[in-house]
Amino acid sequence: MTNSEKFLDTYNRIDNYLKKIDGYDSYVNFAQKIKNSSNKVVKRFKDELISFGELRNAIVHNPKIGNKAIAEPHESTVLRISELYENITNPKKVIPEFQFKVLGAKKEEFINDILIEMKKESFSQFPLFDENGFVCELINNNTISRWLSSQLEENGTIIIENVKVGDLIPEIEFKENYKFVSRNTSIYEAYDLFINQINKKQRNLDVIFITQNGKPTEKLFGLITIEDIANLI
């Protein structure tokens, strides 16, 4: 197959996929499907996809010379539209992409152990678990710093003896600044949760927790920070 044939084949698969999932009639053109699609990947790469629609029109509507298309896409263009097709129809999910054992602590535990783990594993925040083992808050470096500042003696010393994790809760700047998603959530949907939070509240989510169905009363499969997902996307 020529590059133009490969390109048109993938273009048609995208077009048919959008027609199917959004229930478009046959007269709705490709650009309209792209602009009105609810698919997160389509929304994110809208301009690029519309450009590919224009390239498709140049291939299909211009006369051929020697039975060859005048507009012959580069190899990189063919690879890119194929990549977008895969992302649109089967985007990466948050699991297994962000699956790992989440370290946390309960209110009655002493902070020493979790601080040692934070240094050892190089993480900057951890969930606070209730008596049933479910997330009830989030402690981060900022919380710890605020608590340490509140404990300063006049001579500059800090006593951290018999301090429990629950003692840090009053120093949380933004309470419950996290969300839950199901394990089948796409990385693009998760990323949009961070962006929407920034747009609506002018501050970022601390983390997104991942459970089976996106419920807080379920086992944690992993968590996501905006840095993690921004680098991936």
Mind checking which lysines have their C-alpha under 27 Å from LYS43, skipping anything on the same chain fewer than 8 residues away? LYS6, LYS19, LYS20, LYS33, LYS35, LYS92, LYS93, LYS179, LYS200, LYS201, LYS215
I need the GluC sites (Glu not before Pro) found in the stretch 171-233, filtered to DSSP loop residues with at most 13 other beta carbons within 10 Å of theirs. GLU173, GLU176
Write out the GluC sites (Glu not before Pro) in the stretch 6-109 meeting two conditions: DSSP loop, and at most 15 other Cβ atoms within 10 Å of their Cβ. GLU108, GLU109
For the stretch 93-233, what proportion of DSSP beta bridges, expressed in % and rounded to the nearest 5, is antiparallel? 65 percent
What is the helix-to-structure angle for 141-150, meaning the angle in degrees between its Cα long axis and the longest Cα principal axis of the chain, kept from 0 to 90 and rounded to the nearest 10? 30 degrees
In terms of the Cα gyration tensor, with a ≥ b ≥ c the square roots of its eigenvalues, is the stretch 1-56 rounded because a/c is under 1.5, prolate because a/b exceeds b/c, or oblate? prolate
In 5 Å bins starting at zero, report the fraction of Cα pairs in the chain per bin as a rounded %. 1, 6, 11, 13, 13, 11, 9, 7, 7, 6, 5, 4, 3, 2, 1, 0, 0, 0
At 20 °C and a viscosity of 1.002 mPa s, what translational diffusion coefficient does Stokes-Einstein give for the stretch 184-233, taking Rh as the Kirkwood radius over Cα pairs? Give it in µm²/s as a whole number. 188 µm²/s
Can you pull out the trypsin sites (Lys or Arg not before Pro) in the stretch 23-105 whose DSSP state is coil and whose Cβ has at most 12 other Cβ atoms within 10 Å? LYS64, LYS101
In degrees, nearest 10, range 0 to 90: what is the angle between the Cα axis of helix 111-121 and the longest Cα principal axis of the chain? 40 degrees
For the stretch 130-233, the spread of Cα positions along each principal axis, largest first, Å: 51, 32, 22
Tell me, what ³J(HN,Hα) does each residue in the stretch 180-193 have, in order and in whole Hz, if you take phi through Karplus 6.51 cos²θ - 1.76 cosθ + 1.60 with θ = phi - 60° and put x for Gly and Pro? 10, 10, 7, 5, 8, 5, 6, 5, 6, 5, 5, 4, 5, 5
When the Kirkwood radius is taken over all Cα pairs of the stretch 20-153, what Stokes-Einstein diffusion coefficient follows at 37 °C and 0.692 mPa s, in µm²/s? 162 µm²/s
Helical mean residue ellipticity (222 nm; -39500 (n - 2.57) per DSSP H run of 4+; nearest 500) of the chain: -14500 deg cm²/dmol
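FYI, it's all coordinate maths here, none of it is from the lab. Owing to the predicted nature of the structure, the values given are computational and were not obtained by experimental measurement. Positions of Cβ are backbone-derived with ideal geometry, glycine not excepted, and every protein chain shown enters the neighbour counts.
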